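The values are calculated or read from the model by the stated rules, or taken from the named source; none is laboratory data. Here the structure is a predicted model, which is why all the values come from computation and not from measurement. Quick reminder, even Gly has a Cβ in these numbers, built from the backbone with ideal geometry, and neighbours come from all protein chains shown. Accessible surface areas use protein heavy atoms only, side chains included; no ligands, DNA or RNA. Shrake-Rupley method; radii C 1.70, N 1.55, O 1.52, S 1.80 Å.
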Amino acid sequence: MMKKSLAFAMLMLLLTMLSGIAAAEETDPATPTDLTCPHENTKVIIYFYDSPAYSATGSRTHRVYGPASIVTVCQDCGQEIAREEGEAEEYRPHTMKKGVCVLCGYHEQASEPTAAPEDIPGERTLYAGQASDEDMLSLTLTYDDLSALNSAKVNTVLVKGKKGSAAIALNVADMMTQTRKTGGSLYLMLAEQEDKSLFAGLYLVIDSNTREEPDGEGISLRFYQENRADVQVSLVLADSDEPVKTETVWNENGYWSVQYLEEGTYMILR
């Protein structure tokens, strides 16, 4: 009889313990705080409105810009964290079809770079460095930089990329005047393309939020050629798909000279 009572008591104790554990589990659900994603890994996605502007910047990418929704999204949970509306720009790969980008019009054409001649007296070549985009090169010239070049009796600065088949030519005295007047620095972007065309953009950067287009009178582009084969150069503006014809002038030092108008791709037409 005692053994049965002891066994019954132990059974009741075990049932009580199991019941307590179940109750604890039922009364301790995960709180909203436990389930909230910390959003430690985010990315920005740009949704452009209809018909953004496209401008070729090299053999691999083009620049897309215009009014857009700029959305910050958590990569872990997919939640939209922030959204703002405004002007945006992004560099995206070409969408090629039969050797032509269907978005920006870039033409794929393999060619060997043409060697440019050595600097003539009064000129000096500077080479642009790699920018954030893999195809884009950039260079910044301050008033002090330009003043030093002027003191060294340099009248024209040539800014080139790696291939050297084209260059941005700057009148040193004119650029000194513009940087002194605005208090800014001259910022240049360029991208050499396989067909020897050149993307070029120049700005006077006043501060982190302000930039102005320079007076292009003292800025030209040079396209070096082995012979005087007639060429035409058309400018595809960054905000338009319609090419703008430019006037080309042959120089006996081995290049065609074109006046810089504004940011865009200067394309060689034969």
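What the table shows:
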{"read-out": "Candidate lysines - alpha carbon under 26 Å from Lys245, same-chain residues fewer than 8 apart omitted", "value": "Lys97, Lys98, Lys160, Lys163, Lys196"}
{"read-out": "Efficiency of FRET between Thr142 and Thr42 - r from beta-carbon atoms, R0 22 angstrom, step 0.05", "value": "0.05"}
{"read-out": "Relative contact order for segment 146-195, counting Cα pairs under 8 Å that sit 6 or more residues apart, in percent", "value": "33 percent"}
{"read-out": "Cα-projected label distance for Thr72 with Gln259, points at 7 Å along beta-carbon direction, nm", "value": "4.6 nm"}
{"read-out": "Accessible area in the full protein assembly, largest first, 1.4 Å probe, for Arg63, Arg92", "value": "Arg92, Arg63"}
{"read-out": "Loop GluC sites (Glu not before Pro), segment 37-116 (other Cβ atoms within 10 Å of the site Cβ: 11 or fewer; DSSP)", "value": "Glu40"}
{"read-out": "Chain lengthening between Asn227 and Lys98 when straightened (0.36 nm per residue, less Cα-Cα)", "value": "43.5 nm"}
{"read-out": "Cα→Cβ-extended label distance, 7 Å offset, between Asn155 and Glu84, nm", "value": "4.7 nm"}
{"read-out": "Centre separation in Å (Cα based) which lies between segment 40-94 and segment 148-168", "value": "35 Å"}
